[in-house]
Amino acid sequence: MVAMSQVLPLVAAAYSERLTRRNNSELTQIWDLLDQVTDPEIPVLSIWDLGVLTQVEKQQEKLLISITPTYSGCPAMDTIAADISSVLTAAGYQNFSIKRVLAPAWKTDLMSPEGKAKLHQYGIAPPLLNENCCSGQCFSIECPHCGSLNTKTISEFGSTACKALHQCLDCNEPFDYFKNI
Ligand SMILES: [Zn+2]
């Protein structure tokens with residue numbers, strides 16, 4: 001079987017757009033600083049990796065940080081906002097506000113390729129690209145333990161609602177798949 005990476009592009013348009021926004025920003029040091037803030041549920045992922053950090057701007061003298069929740073009402077967002085405040089305050093920034101942006105909605109295509117690689121190393125199968133696959137059901141999910149594509153869905157809901165529980169039919173290990181949205 002041909003590995004997914006050989007037939008599908010690895011970078012989604014939604015991520016490329018966000019990366020361009022960061023690279024063209026005059027506030028590069030703020031984006032870099034916020035790489036310290038991680039997802040409380042999956043600590044190997046920064047909010048940049050996860051696609052939650054969507055914009056850093058300056059309005060007059062005030063910094064405006066935009067974050068897009070992965071799920072509406074997600075309790076992790078309160079922790080993330082508090083962590084952003086701590087990191088900015090510790091670096092000497094006092095004049096800032098954190099804005100929650102609900103539209104356009106978060107989707108897994110916003111995740112960074114590095115973040116997907118970190119998820120894989122963490123033992124969670126990363127989401128497929130939406131632009132390649134409408135539902136995530138038409139490609140085999142790769143086992144993060146042995147790399148086999150011979151896997152099956154055990155349950156549509158894994159340890160959290162955003163993950164499905166899969167099992168590898170070669171190494172028999174169960175694993176979470178971060179569903180594409
Ligand atoms: Zn396996």
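Elements of the type strands (runs of 3 or more DSSP E) sitting completely within region 78-181 and holding at least 1 residues that are within 16 Å of the ligand (Cβ to nearest atom): these cover 151-155, 163-168, 174-178. Among the residues that make up region 98-109, is at least one of them more than 19 Å from Arg18 (Cβ to Cβ), in contact with a strand residue (DSSP E or B) (Cβ under 8 Å, 6 or more places away or on another chain) and outside the structural domain of Gly147 (by TED's automatic domain parsing)? So far as region 98-109 goes, no, none of its residues is more than 19 Å from Arg18 (Cβ to Cβ), in contact with a strand residue (DSSP E or B) (Cβ under 8 Å, 6 or more places away or on another chain) and outside the structural domain of Gly147 (by TED's automatic domain parsing).
The values are calculated or read from the model by the stated rules, or taken from the named source; none is laboratory data. The structure displayed is predicted, hence computed values, not measured ones. Here the Cβ is made from the backbone with ideal geometry for all residues, glycine too, and neighbour counts use every protein chain on show.
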